[in-house]
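Data first, discussion second: the structure below is written as structure tokens.
Since every read-out is calculated from the coordinates, none of them should be taken as a lab result. Everything numeric in this text was worked out from a predicted model, so none of it was measured. All Cβ positions, even for glycine, are placed from backbone atoms using ideal geometry, and neighbour counts span all protein chains on display.
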Amino acid sequence: MKPDSSQPASPGLPPPTGVADFACNDPREPIEPTEDYPSLPLWLVTFAGALMFWGGIYLQRYSGGYAATTYDENALGSGLAKTNAVAQIDPYALGRRLFADTCAKCHQPDGQGVPGQYPPLVNSEWVLASGPARMIRIVLDALQGPVKVKGSDFNNTMTPWRDTLTDQQIAAIVTYVRTQKDWGHNASPVTAGEVAQIRAKTRNHSPAGPWTVSELLAIPEHEPQP
Amino acid sequence: MIIIWIIFVSSVVVLPATALLALRWTARHGGFDDLQKTALSIFDEEEPVGRMTDRFPASTANEKKPRS
Amino acid sequence: MNASSPSILRALSPADTEDESQSRALLAEVDASCRWPVMLLFSFSLVWLLIGTVFALVASWKMHAPDFLGGISWLTFGRVRPAHLNAMVYGFASQAGVGVTLWLMCRLCRTPLICGWMAALAGVFWNLGVAIGIAGILAGHSTGMEWLEFPPYATPILFAAFALIAIWGIITFRYRREPHLYISQFYLLGALLWFPWLYSMTQVLLVMDPVRGVVQAAVNWWFAHNVLGLWLTPIGLAAIYYFIPKVIGRPVHSYYLSLLGFWSLALFYNWNGMHHLVGGPLPAWLITVSIVASVMMTIPVLTVGLNHHLTMWGNFHRLKDSPVLRFMVFGGMSYTVASLHGVLLALRSVSEVTHFTHSTIAHAHIGMYAFFAMVMFGSIYYIVPRLIQVEWPSARLIRLHFWAAALGILLYVVPLAFGGVMQGLAMNNPDVPFLDPVKHSVVTLTLPYLKTRSLSGILLGIGHLAFAVSFIWILIRWMNAGRRPKTSTADPSV
Amino acid sequence: MKYGPLIFFGIFLTLAASWCGLVLMPQIQIGRQGAVRIEETGEFYPAARSGVAQQGFEIYRANGCIYCHSQQVRMEGFGADILRNWGQRRTVARDYLNDKPVMLGTMRTGPDLANIGVRQTSAEWHATHLYNPRIPSKGSIMPPFPFLFEKRKIGSHPSADALKLSGEFAPEPGYEIVPKPEGKALVQYLLSLKANTPLPEAK
């Protein structure tokens, strides 16, 4: 099948960049073997060089001295580790975040709980008690056995948070729940100090397991100051 | 952990050195002489330059008009 | 040993007319020898494509309707998703890739398929291995490592298939008649040799005598990313480098650039496996090395992209009447987009947001589908008519396939990449609760994007059905043509 | 370019280089890390997982939980893992010494589970959540795992670990939903996921 000469010479080829101008428009014209080869576009070579240079710098800067136990890329390599200043945390915001991660799993994000299983927190007489003493104890060592909340009965075992949450975190959660704006709560907030005091006082109770309603009712709502 | 540095330094020196040697050997043995011909090696001799060798099949099987 | 194939200079002198017929006969002989193995591989890869698409639709639907098929243990999301991944990667992509490799290697080496039984045997092993592997995953015997979920009783069969193909590749390359090494042969040889080494090394280090602790994650992601970089990408690029010049009848713009592209890919792609573990429990230097390698990948990607673009310069108007060119150019451009998106995702500050989100999935699908699958579709549309000397039955089906696939993958990738970034930003803001049925939360925020993904899945499914109908139709024609007396049908490519 | 051996050499060299860098070096550095003795408690960390929890690990692997849950806590200031109370500290290589395979996970469609055993200690909540995640956490897109549970006729009295279900989730009267051994094992595994032991390198 003869070369197709009816095809117009295609103007498409870009200006040859040092490419031997093989005569594509006249197929009869033999292609001379050429010695030179098309040189690389200069911008690509400089870009590659710049990238190599950046790579070396980045590798040296963020490799933490190639140590086996350096996980923070900013350590060792240079002094200025990324210090994120611990902003003054607003307890309400911290409480809301922790509530969403932990308590909401059972008491539901809207605080209504699950009828028959997990008691509600909204307008619960336990939450809006004048003093936080009983609520802090419940959060620390949990509650089990039959309990009446807003008229309906619950009988489930709650998980204790004594070993999981710090005093500041428990104070933030209790403050958040007691002063939740959407639920219309405005009971008194709680400080980490009060939680620490109760945590120390009830140290001997925790091995005996969660509180029961009768034990809690025996404790005054306001913690007697020492 | 001295073994790491031995491997590391040797690989950083040996690897590029072998690459450059291979490059020089290829250039000397005419590896890069005529790249343009290699680019043409996929074409048959009688395949004209610049002509399409693939198109949508004709709409009905029978009228298969050969396209110029 | 190799009959010196007629060089262009001698062919032009009139005395050499019989050379042309001789080279035309040689090509026909090469195609004829490849016919059965390659058609076998393409047919089975199409079967796996359809099975993988079904798994994909089930998995995607479960993302936003979790109770869908919820009660069946072997269809739970955790088993359907790895089944989809393996059906697509090892069932469809690798097998179609091997089919293209067989044909392309024979064409470029100008030698008929040597010991075709080896390729056919490999095909049988392959499908056996993938079938057993996927049954194992659905039964719950997955090894639990991403990209390596096949249980230990399936992987030896797969490795045997890979090894057979690699051996075949070396033999064909050894007895090649065309002295010149076209760039596609570089990539194909690379793919054929890299993958069996990679696969066997990983099986030894992770299944037979597992390394301890987090080093398993290092080996896992060294393997997983190199499956893409050293097996599928080279085959895809080899196909593009061959088919774009072949279809538009113009040699590749600069052979020199393609050499640079190959060697920089070989050097840098190897190293960037650990960008899947940014921020993870691995030494900082390991992750930094991979991030640097990922950024270095811009060099081969720009080189290859530039080379293809300049080859296509002045010929973009030809896209409208050539199906193969459409798939190839779409695949080539998606390769550049996928790689640059990958470089972006590898940077630490970006990875902090997008690491555990759906934008990783979007990146995976630009690379796997928009680049590799589309290139495979294009190659099949070019190769099959030349193998069985029968033209594709309907142009409308091919157009439907192209537009359904192209629009489908765009509808998949763009919303999911964007949704992934929003998900990441919300996840990094501790005040946004992770799950809240009513208020703005991370899970409810991603739901619309997951629904658009299911929509795009349906569109892709339509494209695959169109492809399947087209493929079965041409097989039927081939069967009928087989019975008709052998008339010398004109070479369909003219 | 006509020379095959050069290509084989190049292909082998590049793969060998990356194998040395990304596989051999980490194996040399942290491949032979052992458990470390914790001063306050005197035990070794990481302790081997109990039998039931190990069976739970196999159920976790078989059902592909890693495709939506990660098990790695990133450091303070890189993502909000610690602020979201997903962990008290970042996880390091030593936390995963006994896992085969390591379940780091790359997707967080669901929350990170590296420290779930500390954050959610109620086995009953986990069992109900696994049976149907929409019971305890409404709006969840996690698939249900009813095949890890079985519906049984109530014998003389309801069994201890029957799930407390109400409303449309409860089985018909006279029946109860009880976790199979696989279900119990998975719950025990989840409860065993704790990453709060202080380690020197995890500051």
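Worth pointing out:
- In sequence order, calculated HN-Hα J values of the range C:199-205 (Karplus, 6.51, -1.76, 1.60; Hz; x Gly/Pro): 5, 5, 4, 5, 4, 5, 7
- Think of each Lys and Arg Cβ as +1 and each Asp and Glu Cβ as -1; about the Cα centre, that makes the dipole of chain C roughly 800 debye.
- Largest mean-square fluctuation among D:46, D:179, D:26, in a Gaussian network model of chain D whose springs join Cα atoms under 10 Å apart, belongs to D:26.
- Among D:112, C:431, sorting on how many other beta-carbon atoms sit within 10 Å of each Cβ, with the fewest leading, yields C:431, D:112.
- About the Cα centre, charge dipole magnitude for the protein assembly as shown (Lys/Arg +1, Asp/Glu -1 at Cβ), debye: 1060
- Order of C:227, A:45 under a 10 Å beta carbon neighbour criterion, fewest first: A:45, C:227
- Per-residue Cβ neighbour rank within 10 angstrom, fewest leading, B:28, A:134, C:177: B:28, C:177, A:134
- Projected area averaged over orientations for the range C:247-304, convex hull of C-alpha atoms, nm²: 4.8
- Size of the protein assembly as shown as Cα extents on the principal axes (Å, biggest first): 116, 63, 47
- Global form of the range C:27-479, assessed from the alpha-carbon gyration tensor, a/c cut-off 1.5: rounded
- Averaged over the residues of B:17-24, the number of partner chain Cβ atoms lying within 10 Å of the residue Cβ comes to 2.
- Averaged over the residues of D:154-167, the number of partner chain Cβ atoms lying within 10 Å of the residue Cβ comes to 1.
- For the range C:110-256: rounded, prolate or oblate by the Cα gyration tensor [a/c cutoff 1.5]: prolate
- DSSP bridge pairs, the protein assembly as shown: antiparallel proportion in percent, nearest 5: 90
- Mean separation of Cα contacts under 8 Å, 6 or more apart, over the residue count of chain C: relative contact order %: 14
- Links that overshoot a 31 Å alpha carbon limit, given the list D:164/D:194; D:100/D:151; A:105/D:151: D:100/D:151
- Unit Cα scatterers, Debye sum, chain D: log10 I(q)/I(0) for q = 0.15, 0.19 Å⁻¹: -1.01, -1.38
- Positive-end residue, the range D:49-202 charge dipole about Cα centroid, Cβ charges, pick of D:66, D:127, D:140: D:66
- Of the peptides A:92-101, C:357-366, the order by per-residue mean of other Cβ atoms within 10 Å, starting with the highest, comes out as C:357-366, A:92-101.
- Residue-by-residue Karplus 3J(HN,Hα) for the range C:207-220, coefficients 6.51, -1.76, 1.60, Hz, glycine and proline x: 10, 6, 10, x, 6, 9, x, 5, 4, 4, 5, 4, 5, 4
- Amide H contacts under 5 Å for residue A:143, placed H, 5+ residues apart: A:158, A:211
- Surface/4 of the Cα convex hull for the range A:91-218, nm²: 7.0
- Close amide H pairs (under 5 Å, H built 1.01 Å from N) link residue D:175 with D:154, residues at least 5 positions away or on another chain.
- Reported to the nearest whole Å, the Cα centre-to-centre distance from the range C:264-341 to the range D:99-171 is 43.
- Within 10 Å of the Cβ of each residue in C:378-391, the mean number of Cβ atoms contributed by other protein chains is 1.
- Selection from A:41, C:295, D:167, by position along the positive dipole direction of the protein assembly as shown (Cβ): D:167
- Using the Karplus relation 6.51 cos²θ - 1.76 cosθ + 1.60 with θ = phi - 60°, the per-residue 3J(HN,Hα) values for the range D:70-75 come to 9, 10, 8, 9, 7, 6 Hz, with x marking Gly and Pro.
- Around the amide H of residue A:149, modelled in the peptide plane, lie the amide H atoms of A:154, all under 5 Å away and 5 or more residues distant in sequence or on another chain.
- Length-normalised contact order for the range A:91-218 - Cα pairs under 8 Å, 6+ apart - percent: 29
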